[in-house]
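The values are calculated or read from the model by the stated rules, or taken from the named source; none is laboratory data. Computed from a predicted model, the values in this text were never measured in an experiment. No Cβ is skipped: glycine too gets one built from the backbone with ideal geometry, and neighbour counts run over all protein chains shown. Side chains are part of the model used for accessible areas, which takes the heavy atoms of the whole protein and leaves out ligands, DNA and RNA. Shrake-Rupley method; radii C 1.70, N 1.55, O 1.52, S 1.80 Å.
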Amino acid sequence: MTATEHGPSRTAAAFRDIYGAEPQGIWAAPGRVNLIGEHTDYNDGFVMPLALPHTTLAAASARTDGVLRLHSGGADGGIVELRVDALRPAPGSASEVLEQSRGGAQRSGGWAAYPAGIVWAMREAGLPVGGADLHYDSTVPTGAGLSSSAALEVATALALNDLYGLDLAPQRLAQLAQRAENAFVGVPCGIMDQTAAACCTEGHALFLDTRDLTRRQVPFDLAQEGLRLLVVDTRVKHELGDGAYAERRAGCERGARALGVRALRDVPYAHLPEALATLADEPVVQALVRHIVTENHRVEEVIDHLDAGRTRAIGPLLTAGHASLRDDFKISCRELDLAVDTAHAAGALGARMTGGGFGGSAIVLVEAADVTAVSTAVTEAFAAAGHAAPRIFEAVPSAGAHRLR
């Protein structure tokens with residue numbers, strides 16, 4: 001869906017066509033890019049995401065019969081219908097939900113597990129949430145490492161929050177969304193994506209301590225400084241990434257146990273050499289630890305530069321982060337490396353992959369005058385390598401989840 005097609009009027013009209021009535025409201029939640037701090041969130045570390053102007057819209061109305069009906073403008077298959085009192089975490093595939101259809105109970109995989117998981121998580125927490133009709137439209141690219149799932153979750157959570165008068169704070173909605181993804185969908189993600197979708201503000205990057213959930217909005221007005229942050233969506237997702245997230249999380253937890261700390265966030269950067277020596281017999285875990293500790297330090301360095309007005313100085317830190325993700329965490333891929341290397345050669349100040357890895361997107365910090373040259377160079381490099389043309393667009397720090405009408 002293009003930006004001109006995406007909006008509350010279109011989403012409301014689609015809701016009317018599908019459900020035969022006006023929605024009670026329309027809510028929006030954004031995708032995100034992570035400026036710095038990758039895979040640190042499930043290690044109690046520091047992250048710095050910013051919300052994108054690309055959003056998932058949810059048109060919704062409450063129901064009194066305990067039925068949950070879900071429909072997406074971007075998915076095939078029609079309406080998914082469930083009973084809220086029958087929702088259970090799926091024992092098999094991470095993205096299965098129990099669908100009540102005319103043919104009886106059956107398994108239905110895919111996107112519907114995410115909003116269904118929100119209803120389940122809210123009810124599990126003792127919140128008085130019943131049924132609802134929901135229709136979704138989205139411009140957040142799926143499979144691009146831009147947190148389309150968190151946008152879907154948080155848009156649903158905010159809609160139910162308002163429909164049922166729960167009066168929950170944005171951070172609480174983010175926690176419920178993480179609970180849904182961890183326990184219902186089965187993805188062991190940290191809290192960053194949901195917090196970004198719920199709590200980011202326009203014109204700022206969000207500095208988040210994922211241990212105590214303290215937040216600070218850091219001014220990030222690149223246009224005022226003659227800079228741009230580009231997103232290069234490689235349009236690829238390699239199968240090698242399946243299960244790799246959980247493997248790396250388990251490896252980080254193994255490293256924390258070996259070092260006698262609660263989480264890798266507790267390993268001081270100054271003591272990293274000693275920690276690595278302790279892990280000399282486990283080179284894979286050693287490399288994971290090195291990335292997490294140095295990445296937390298890079299987040300702190302980026303904050304220092306931004307606070308001091310040295311925005312251009314963050315470029316080399318982005319590049320160092322990519323090297324760490326590529327060499328120590330081993331979650332990059334040839335398309336991401338090509339995007340980063342080509343952007344540098346064309347004059348970028350810094351670049352790195354963003355998101356879970358094995359495909360998805362890279363971010364590139366450039367002078368405004370170099371946007372065309374860098375974008376053209378990356379596109380031509382992909383064509384020369386036989387890759388699909390990347391999607392390149394500007395990341396403009398935007399607002400978190402909010403009600404539109």
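Assorted remarks:
- Within the set THR342, THR319, the sole residue that is in contact with a His (Cβ under 8 Å, 6 or more places away or on another chain), among the β-branched types (Val, Ile, Thr) and open to solvent by 10 Å² or more (accessible area, probe 1.4 Å) turns out to be THR319.
- For region 64-79, a residue qualifies if it is in a loop (DSSP other than H, G, I, E, B) and closer than 12 Å to PHE15 by Cα, and the qualifying residues are GLY73, ILE79.
- Filter pass, GLY309 being surrounded by fewer than 22 Cβ atoms within 10 Å (Cβ to Cβ) and assigned to a loop (DSSP other than H, G, I, E, B): yes
- Screening TRP120 with (1) of a type in the set (A, V, I, L, M, F, W, C); (2) assigned to a strand (DSSP E or B); (3) modelled with pLDDT of 95 or more gives one miss only, at (2).
- Looking only at residues of region 378-397 that are farther than 30 Å from GLU202 by Cβ and assigned to a helix (DSSP H, G or I), we find that the one that is least open to solvent (accessible area, probe 1.4 Å) is PHE382.
- Take the conditions (1) modelled with pLDDT of 95 or more; (2) surrounded by 24 or more Cβ atoms within 10 Å (Cβ to Cβ); TYR164 misses just one of them, which is (2).
- Against the list (1) more than 28 Å from GLU335 (Cβ to Cβ); (2) open to solvent by 30 Å² or more (accessible area, probe 1.4 Å); (3) of a type in the set (Gly, Ala, Ser), the condition SER138 fails is (1).
- Take the conditions (1) farther than 18 Å from GLU295 by Cα; (2) aliphatic (A, V, I, L, M); (3) part of a helix (DSSP H, G or I); VAL366 misses just one of them, which is (3).
- Filter result for LEU152 (part of a helix (DSSP H, G or I), farther than 29 Å from ARG262 by Cα, among the hydrophobic types (A, V, I, L, M, F, W, C) and within 16 Å of the chain's Cα centre (by Cα)): yes
- Matching residues, region 110-140, being charged (D, E, K, R) and either within 17 Å of ALA60 (Cα to Cα) or in contact with a Pro (Cβ under 6 Å, 6 or more places away or on another chain) (or both): ASP133, ASP137
- Residues of region 80-105 satisfying the condition of being at pLDDT 50 or above and closer than 21 Å to ARG123 by Cβ: VAL80, GLU81, LEU82, ARG83, VAL84, ASP85, ALA86, LEU87, ARG88, PRO89, ALA90, PRO91
- Some residue of region 14-28 being buried (at least 24 other Cβ atoms within 10 Å of the Cβ), of a type outside the set (D, E, K, R) and under 23 Å from the mean Cα position of the chain (by Cα): yes
- Flag if PRO170 is surrounded by fewer than 24 Cβ atoms within 10 Å (Cβ to Cβ), within 30 Å of ARG352 (Cα to Cα) and in contact with a strand residue (DSSP E or B) (Cβ under 6 Å, 6 or more places away or on another chain): no
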